[in-house]
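Engineer: Dropping the structure in here first, questions after.
The values are calculated or read from the model by the stated rules, or taken from the named source; none is laboratory data. All values derive from a computational prediction rather than experimental measurement. Note that we place each Cβ from the backbone using ideal geometry, even for glycine, and neighbour counts take in every protein chain shown.
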Amino acid sequence: MERFWTFGALFLGSLVLFGDACLYHCLSREHCDEQAPILNFNQPYYRTNRCRPSEVCCKTPRQNNPVRCDLYPENNHPNIAPTINPSKPYYPTNYGAENQPCGKSNPNEEMEWYHFNNLTTPGEYPWVVALFKNGKFLAGGSLIAPGVVLTAAHLVKYETKDKIIVRAGEWDLNSNREGFQFEEREVEKIVWHERFDFQTGANNIALLFLKSKFQLKNHIRTICLPSPTTSFEGHRCIVAGWGKTYPTDPSHSTILKRVTLPIIKRSTCEQQLRRTNLGWSYQLPESLICAGGELNQDACIGDGGSALFCSIGARNSDVYMQVGIVNWGIDCGKENVPATYTDVAMFREWIEKNLLDFNYNYYN
C-alpha cells in the first residue's frame, strides 16, 4: 500500500482545487480593452475571483462599460475580497476571552466570500494548530486541552520532542496581517497509540503534551471531543489546514484553508475504495471513518494530523466537535474516492487515560 500513501508525503495536505484567479474584473471580451493574466491562487486575501468560461480577466474595461459587482449575482458572491488592513487589527470579538467554551468558532460578516473560495477567516477556528519541525511547517493538529495537542501518529512517531514546536492562533504563515499574535510552545512528551499500524493507518493517533499551557483567548481555544458512541454519518463536516492545493504543488498553502465534506458510511467507503488499486479484498480498519469522495473537494498533502470537525446542531451551528484526524487517501479530490480519518470517538477513553496520567505526573 506504500505506493498509494506515504505518511510524510501523500498524507492529505491540501483543501480544495481552486482554479485560477483574476485580480481585476471578469467581463465579456467585447467589453474589455486590455486583458490581464490569469494568476494562480497563491495569495487569496487580495482582490480575487474566478471568471466564467465566457469571460476574460480584464485590466482595463472599455469606457462607459459598467463593471459587475458580483461574480455570481444569483448567489451574491462578491467580486472583491474583504480587505485585511494591517493598520486596523482584525480580532475575533464575538466572544469574551474570559469564557472560552470548547469548539466555539469565531464567525464574522466576511465569511461568505472566504468560504466561497474555500478559505477560513482569521481566528475562525481557534483550535487549529500548526506543527513545525526545525522551523519548517510539518503538519496540522488540534488543541484539545490548554496543554495538549491531538494529531496523527505517523507524523510524530519517529520525531524527537525537541525538534517540534506547536503554534496556536495562526492564520497566515507568512505575515502578521491577522491583527493578533500567534503563540508557540515546546513539547514535553509525545504519546502515540501502541497499536498504530503504518501499513493500514489503523490507530493513527498521537498526543503532544506541551511544556507550558496556552492561555485560552478569543483566537486560541480548544475543540470539543465526542463520546465513544457519537456518529456524524451523513453530515457535512469541515477540515481546515495549511496543506497543498494540488498534490504536485512545490509547497503547502500559507493561508489556513477549509473544505466541507460528507461523512460516508463505512460500507459505502469500503466499496468505493475497493474499486481503486487497493483491490476487492481491501478491508477498512475498524478505527477509520471516511469523508469526501467529491470532485476537487478534499484534504491533501500537508493536512495530515488536522481535525475533521462537525457542527453539533442547528442551535449551536458555531460550536464544533472533532470527529476525525486526517489519516490517508488516494491522491486528492477524486470523485467517489473518499479519504480516511482516524475515528476520534473510538479513542475517547484512550485520550482521557493519557491526559489523566500526564496531568497527574507533570502539571500537578
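Engineer: Can you tell me which residue among 108, 134, 174 is more than 13 Å from residue 241 (Cα to Cα), free of Cβ contacts under 8 Å to residues at least 24 places away in the same chain and polar (S, T, N, Q)?
Structural biologist: Just one listed residue meets the conditions, 108.
Engineer: Scanning for something touching a Leu at 6+ places or on another chain (Cβ under 6 Å) and farther than 17 Å from residue 225 by Cβ, does segment 149-163 turn up at least one residue?
Structural biologist: no
Engineer: Considering each of 155, 143, 131 in turn, give the residue that is assigned to a helix (DSSP H, G or I) and either buried (at least 24 other Cβ atoms within 10 Å of the Cβ) or modelled with pLDDT of 95 or more (or both).
Structural biologist: When all the criteria are applied, what remains is 155.
Engineer: Kindly provide the set of residues from segment 218-261 that are within 22 Å of residue 148 (Cα to Cα) and not in a loop (DSSP other than H, G, I, E, B), ordered by number.
Structural biologist: 220, 224, 238, 239, 240, 241
Engineer: Residue 201: touching a residue at least 40 places away in the same chain (Cβ under 8 Å), small (Gly, Ala, Ser) and crowded, with 19+ Cβ neighbours inside 10 Å, yes or no?
Structural biologist: Criteria met by residue 201.
Engineer: Is it true that some residue in segment 271-294 is under 30 Å from residue 176 (Cα atoms) and among the aliphatic types (A, V, I, L, M)?
Structural biologist: No - not one qualifying residue is present in segment 271-294.
Engineer: Another question about this same structure. Tell me whether segment 222-242 contains one or more residues that are modelled with pLDDT of 95 or more, under 30 Å from residue 356 (Cβ atoms) and charged (D, E, K, R).
Structural biologist: Checked against the condition, which is being modelled with pLDDT of 95 or more, under 30 Å from residue 356 (Cβ atoms) and charged (D, E, K, R), segment 222-242 yields no hits at all.
Engineer: If we keep just the residues of segment 312-337 that are without any contact (Cβ under 8 Å) to a residue 24 or more places away in the chain and of a type outside the set (A, V, I, L, M, F, W, C), which is surrounded by the most Cβ atoms within 10 Å (Cβ to Cβ)?
Structural biologist: Residue satisfying both the conditions and the ranking: 316.
Engineer: Of all residues in segment 158-170, which are of a type in the set (Asp, Glu), without any contact (Cβ under 8 Å) to a residue 60 or more places away in the chain and in a loop (DSSP other than H, G, I, E, B)?
Structural biologist: Within segment 158-170, 159 is the sole residue that qualifies.
Engineer: Of all residues in segment 278-296, which are in contact (Cβ under 8 Å) with a residue 60 or more places away in the chain and either closer than 18 Å to residue 196 by Cα or in contact with a Gly (Cβ under 6 Å, 6 or more places away or on another chain) (or both)?
Structural biologist: 285, 286, 287, 288, 296
Engineer: Tell me whether segment 210-223 contains one or more residues that are surrounded by fewer than 19 Cβ atoms within 10 Å (Cβ to Cβ), of a type in the set (Ser, Thr, Tyr) and under 19 Å from residue 125 (Cα atoms).
Structural biologist: Checked segment 210-223: no residue is surrounded by fewer than 19 Cβ atoms within 10 Å (Cβ to Cβ), of a type in the set (Ser, Thr, Tyr) and under 19 Å from residue 125 (Cα atoms).
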